[in-house]
1. Give me the pairs: first residue in the stretch 1-27 and farther than 19 Å from I62 by Cα, second residue in a helix (DSSP H, G or I), beta-carbon distance under 7 Å, and six or more apart or on different chains, which are they?
2. For the structure I just gave you, tell me whether R54 is modelled with pLDDT of 95 or more, touching a helix residue (DSSP H, G or I) at 6+ places or on another chain (Cβ under 9 Å) and charged (D, E, K, R).
Amino acid sequence: DKDILQALIEEKAAKLRGHDAKDVQTGPAVRMDRNVIDKHIAWLQAHGQADKARLYEEMSRIIYERSQPS
């Protein structure tokens, strides 16, 4: 639903104001939840989106690495 997506985008944008993205990011990439990530990738591939699946995989890796303490 468009209204739900709009609300989610606005909520995430509000969290970013004044914060580094790595400090407020949540989700399977931060947790490196391979079960969820692999399901997302499989869905993308099954729907003819192999290029987006590769991008999702790479972005998940980068998000995870950035979320780790230095």
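1. K15/V24
2. When the stated conditions are applied, R54 passes them.
The values are calculated or read from the model by the stated rules, or taken from the named source; none is laboratory data. Fair warning: this is a prediction, and the values are worked out from it, not measured in the lab. Neighbour counts run over all protein chains shown; Cβ positions are idealised from the backbone, glycine included.
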